[in-house]
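Read the figures in this text as sums done on the coordinates, not as results from a lab. Please read these numbers as outputs of a predicted model, since none were measured by experiment. Methodologically, a virtual Cβ is constructed for each residue, glycine included, from the backbone with ideal geometry; neighbour enumeration extends over all protein chains shown.
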Amino acid sequence: MEFTGRLAAFPAANLLQWAAQERANGTLVVRRSNTEKRVGLRGGSVVECRSNQPRELFGRFLLDHERIGVEELSRALALGRELGLPLGWALVEAGLLPEDAIRGLLRRWLSESVQDLFLWTRGVFFFEESTPRTNPLQVELDAREMVLEGTHWIDEHHRIRKRLPDDGVVLRSGPAWPGEMLSPYDAKIARGVSPEASLGALRGVVGGVDFPFLESVVRLISVGVLNIDRHLPVEERTSRELRLADLLLELEAQEGGARVRGERAIVPMDVFEGLVPAWIQGPATGDLDALSPALRVFLEGFDGRTSLRRLLAPEEELQTDQIDLLLLHLRRRNILLLPAGVDEIERRLPANGALRGLFRKLKG
């Protein structure tokens with residue numbers, strides 16, 4: 001079975017509850033902007049979560065928590081490449097960490113990576129039924145327990161964001177700096193404030209997902225290691241470019257096909273906006289009824305004559321939802337993105353060309 005949807009209508013809690021109830025086997029792929037996660041499921045339990053973000057790799061997690069050093073990580077990775085082993089097992093084979101310790105660290109790392117999805121309010125997902133990969137150090141997490149913890153993350157994230165509303169918050173060393181008995185992770189973040197740093201700059205000190213970082217900063221503030229000094233305006237990041245891979249990768253269904261390989265192709269936004277969407281198969285009535293009026297109007301504009309330039313809203317949040325919806329229907333193979341309107345394309349086609357009939361159908 002394969003199905004797709006939008007996180008706005010079917011959030012992470014619903015997805016994991018469904019997986020547990022159906023005892024699902026396969027891969028749940030979730031995409032938001034240029035971030036993708038592939039959650040492996042076996043019998044409804046979570047057995048892996050692969051991200052295309054290097055900062056979320058297991059090796060980075062181990063370095064941030066000072067369980068191994070850079071040289072040890074390099075040695076384990078080299079051994080893993082030589083023997084075809086995942087990093088966790090390579091660490092065991094190299095004698096760098098015991099098996100029980102690796103399992104505990106894998107469980108924590110996997111839990112954080114999946115629970116991060118609970119904080120995603122936008123994006124698209126699809127599920128591919130398949131046989132999950134096996135791993136000699138495989139851990140399994142109960143999906144229902146993850147729903148409970150993920151809900152806790154949502155509540156705590158709202159509370160934290162009242163104190164740290166955005167990346168413009170500037171932190172300084174507090175009266176208790178450098179602090180005593182700090183965990184390696186907390187100490188690493190504390191050392192990043194020297195003598196001050198914005199929250200945005202400090203985020204780069206550690207990898208991983210965002211919530212543990214924010215939780216650590218609040219913890220350091222509460223014990224006096226850090227202080228909130230002031231707040232600077234955050235520059236709005238505007239981009240006139242679109243990553244073509246974010247569109248094209250939605251069309252790949254085979255295992256591993258949606259992962260980014262190498263550098264991504266960059267398409268100027270004006271080229272993207274010039275594309276003209278046309279329905280191959282229109283949305284079901286139920287799909288339309290679940291959308292806001294603005295998104296329904298967006299889909300109704302996929303007439304083969306109206307460019308994305310005219311259809312995309314100027315408001316950033318609405319435009320994000322529109323592109324999510326566009327990606328979803330690309331994934332479902334429901335639409336074509338044409339280089340021009342169907343009338344202009346038909347005029348340029350040879351009179352007896354094989355495509356002329358197709359464009360007559362699109363015009364209809």
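Before moving on, here are some points about what is shown:
- Spin-label zone in the range 136-166 - amide nitrogen under 16 Å from a point set 7 Å from the Cα of Leu119 along the C-beta vector: 149-166
- Ranking of Phe58, Phe125 by count of other Cβ atoms within 10 Å, fewest first: Phe58, Phe125
- Other residues within the sphere of radius under 12 Å centred on the Cβ of Thr151, judged by their own Cβ, net out at -3 (K and R +1, D and E -1).
- Tail fraction, Cα-Cα pairs, the chain, threshold 29 Å, whole percent: 52 percent
- Local electrostatic count, Asp116, Cβ distance below 12 Å [Lys/Arg +1, Asp/Glu -1]: -1
- Sorted by Cβ neighbour density within 10 Å, fewest at the top, the residues Lys162, Lys188: Lys162, Lys188
- Using R0 = 22 Å, the C-beta based FRET efficiency linking Gln53 and Ile154 works out to 0.60.
- Value of [θ]222 nm, deg cm²/dmol, for the chain, DSSP H segments ≥ 4, -39500 (n - 2.57) each, nearest 500: -13000 deg cm²/dmol
- Folded to 0 to 90 degrees: helix 316-331 orientation relative to the chain principal axis, Cα: 70 degrees
- In order through the range 144-159: 3J(HN,Hα) via Karplus (6.51 cos²θ - 1.76 cosθ + 1.60), integer Hz, x for Gly, Pro: 5, 5, 5, 4, 4, 5, x, 5, 5, 4, 4, 5, 5, 4, 4, 5
- Extending 7 Å from the Cα toward the beta-carbon at both Glu344 and Ala313 defines two label points whose distance is 2.7 nm.
- Along each principal axis, Cα extent of the range 157-223, largest first, Å: 28, 21, 20
- Residues Leu83, Leu275, Leu328, arranged from fewest to most other Cβ atoms within 10 angstrom of their Cβ, appear as Leu83, Leu275, Leu328.
- With N the number of residues in the range 1-73, Rg(Cα) / (2.2 N^0.38 Å) evaluates to 1.34.
- Straightening the chain between Met181 and Glu215 buys 10.5 nm, computed as 0.36 nm per residue apart minus the Cα-Cα spacing.
- Rounded to the nearest 10 degrees, the inclination of helix 70-83 to the longest alpha-carbon principal axis of the chain is 60 degrees.
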